[in-house]
Amino acid sequence: MNASIILDQNSIWKFHDKGINFGSQWKAKLFNDSNWLTGKGEFGYGDNPVTPLKKNKTCYYFRKTFIVLNPQQYATFKINLRRDDGVIVYLNGAKVFSNNLPNSGVNFSTLALNSCVDDGDSLFTFNLPSSDFLNGKNLFAVEIHPSNVNDVDLTFEMNVEAVLPLVLPVISRGPY
């Protein structure tokens, strides 16, 4: 597989961990996140993350703007993430992945369905088609929800790989 790293797991993201409800505006590209904090992945608390977050909140918000030039040149985009407990991932405002949260009706105060038995160690991988990406500036917005407000740990880490199409060699036969 021939891939280019678009975002590595140590990328710097904007984040908000103060327990404020931003409704649905926070995942829009034009949302003003200039007063949000910045930090490097892995985010969380309880398991020695690179960027510690405040405890006892129901929702944690993350935003990452990045550039993709000519996304159609790629066969797919492979997303790898770790989460503890529930996660929803948005690309340019559209929901593209969810795990351990209800299928609908998720809001600021929604708690994850279960406490993660993997403690956030499992790597979740999913692919997005190149048609989901814009030529130029794109935005990933991610929300993480604990299973209860007194949860002892929380984790978020994500990377993105742009996968080039498989190019088969051309074999030509000449005369014997």
Quick check: the distance between the Cα centres of the stretch 34-63 and the stretch 116-159, to the nearest angstrom? 12 Å
Could you work out the mean projected area of the convex hull around the alpha carbons of the chain, in square nanometres to one decimal? 12.5 nm²
So if we plug the beta-carbon distance of Leu30 and Asn2 into 1/(1 + (r/R0)^6) with R0 = 41 Å, what FRET efficiency do we get, rounded to 0.05? 0.75
Per 5 Å bin from zero, what fraction in whole % of the C-alpha pairs of the stretch 67-130 is there, up to the bin with the longest pair? 4, 15, 23, 22, 17, 10, 7, 3
Share of the stretch 66-144's accessible area from carbon and sulfur, percent, 1.4 Å? 49 percent
Rule-of-thumb Rg ratio for the stretch 10-74 [Cα; 2.2 N^0.38 Å; N residues]: 1.28
Can you pull out the trypsin sites (Lys or Arg not before Pro) in the stretch 1-48 whose DSSP state is coil and whose Cβ has at most 13 other Cβ atoms within 10 Å? Lys18, Lys29
Fraction of accessible area attributable to carbon and sulfur, the stretch 12-53 (%, probe 1.4 Å): 52 percent
Å² of accessible area per residue within the chain, as computed with a 1.4 Å probe and no ligands counted: 52 Å²
Among Ser131, Ser104, Ser122, whose mean-square fluctuation peaks in a Gaussian network model of the chain (Cα, cutoff 10 Å)? Ser104
Past 25 Å, Cα to Cα, is the threshold; run Lys18/Lys78; Lys29/Lys55; Lys14/Lys57; Lys27/Lys78 against it and keep the listed order. Lys18/Lys78; Lys29/Lys55
What residues qualify as long-range amide H neighbours of Asp85, i.e. H under 5 Å apart, gap of 5 or more or another chain, H built at 1.01 Å from N? His145, Ser147, Thr155
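The values are calculated or read from the model by the stated rules, or taken from the named source; none is laboratory data. Please read these numbers as outputs of a predicted model, since none were measured by experiment. Using ideal geometry, Cβ is built from the backbone for each residue, glycine included, and neighbour counts are taken over all protein chains shown. Accessible surface is based on the protein model in full, side chains and every heavy atom, while ligands, DNA and RNA are left aside. Shrake-Rupley method; radii C 1.70, N 1.55, O 1.52, S 1.80 Å.
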